[in-house]
Amino acid sequence: MELISTIFIDFALAFCVAFCWGILFGTPWKALLATGLLGGFGHSIRFILLQSNMGLVASTLIASVSIGLLGIYVAHKVHNPPVVITMPACITMIPGLYAYRSMLAGIKLSDQAILDKNPNIIPTIAHNAVLTFSLLFTLAVGISISALLFRNKSVKEIRFDKSRSRRKRNNVKSI
């Protein structure tokens with residue numbers, strides 16, 4: 001029960017972050033709820049995978065691919081481009097802590113006394129920088145993979161409801 005409440009709290013916080021970033025990105029009001037839900041869903045997937053001892057990079061990749069693929073469908077439903085919905089939804093998974101740690105360690109390199117006290121500062125910089133770039137790369141791949149899969153079609157041309165598309169074709173033929 002504790003895990004379920006923790007997942008719900010994670011979802012709620014990620015929803016708020018994605019919703020607010022959607023406002024900053026200029027996401028239309030009718031798509032903000034979808035943006036928040038997608039951000040909460042994606043971050044919750046990442047949280048669940050991390051709790052099941054999957055690596056951080058793999059968890060982030062799976063969550064961002066989920067956001068990218070669901071973003072295509074949601075964008076179709078709310079009549080907006082997918083990037084308007086998926087970008088704010090993935091903001092919750094930006095690796096700010098690792099970027100901060102690598103920059104802070106880089107600043108400490110300028111002081112010889114700190115470098116003498118802590119000779120592990122260079123491996124720390126390398127580890128945090130590689131992790132930051134890996135996570136940013138997986139976010140970019142995750143968002144882009146759906147666009148690559150459906151690149152020949154715009155969101156409006158993708159048909160999720162086959163019966164509706166048949167009705168539209170029949171109406172066009174009768175005119």
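The values are calculated or read from the model by the stated rules, or taken from the named source; none is laboratory data. The shown structure was predicted, so the numbers you read here are calculated from the model rather than taken from an experiment. Backbone-built Cβ (ideal geometry, glycine too); neighbour counts: all protein chains shown.
Brief remarks on what is shown
- Among residues of segment 85-101 that are under 16 Å from residue 133 (Cα atoms), those with a Cβ under 6 angstrom from a residue that is among the aromatic types (Phe, Trp, Tyr) and part of a helix (DSSP H, G or I), sequence gap 6+ or separate chain, pair up as 91/21.
- Those residues of segment 78-102 which are in a loop (DSSP other than H, G, I, E, B) and closer than 25 Å to residue 137 by Cβ, in sequence order: 81, 94, 95
- The set of residues in segment 25-58 that are within 19 Å of residue 70 (Cα to Cα), among the hydroxyl-bearing types (Ser, Thr, Tyr) and not in a helix (DSSP H, G or I) contains only 27.
- Remark: residue 88 falls outside the filter, which requires a residue to be of a type outside the set (Asp, Glu), modelled with pLDDT under 90 and within 23 Å of residue 9 (Cβ to Cβ).
- Residues in segment 103-137 that are at pLDDT below 90, in a helix (DSSP H, G or I) and either among the polar types (S, T, N, Q) or touching a Cys at 6+ places or on another chain (Cβ under 7 Å) (or both): 112, 124.
- Of all residues in segment 1-47 being over 16 Å from the mean Cα position of the chain (by Cα) and among the polar types (S, T, N, Q), the one that is surrounded by the fewest Cβ atoms within 10 Å (Cβ to Cβ): 5
- Flag if residue 22 is part of a helix (DSSP H, G or I), touching a Leu at 6+ places or on another chain (Cβ under 8 Å), at pLDDT below 95 and not aliphatic (A, V, I, L, M): yes
- Qualifying residue in segment 70-77 (condition: among the basic types (Lys, Arg), in a helix (DSSP H, G or I), farther than 20 Å from residue 32 by Cα and over 17 Å from the mean Cα position of the chain (by Cα)): no
- Scanning segment 48-65 for residues that are surrounded by 19 or more Cβ atoms within 10 Å (Cβ to Cβ) and in contact (Cβ under 8 Å) with a residue 40 or more places away in the chain yields 60, 61, 63, 64, 65.
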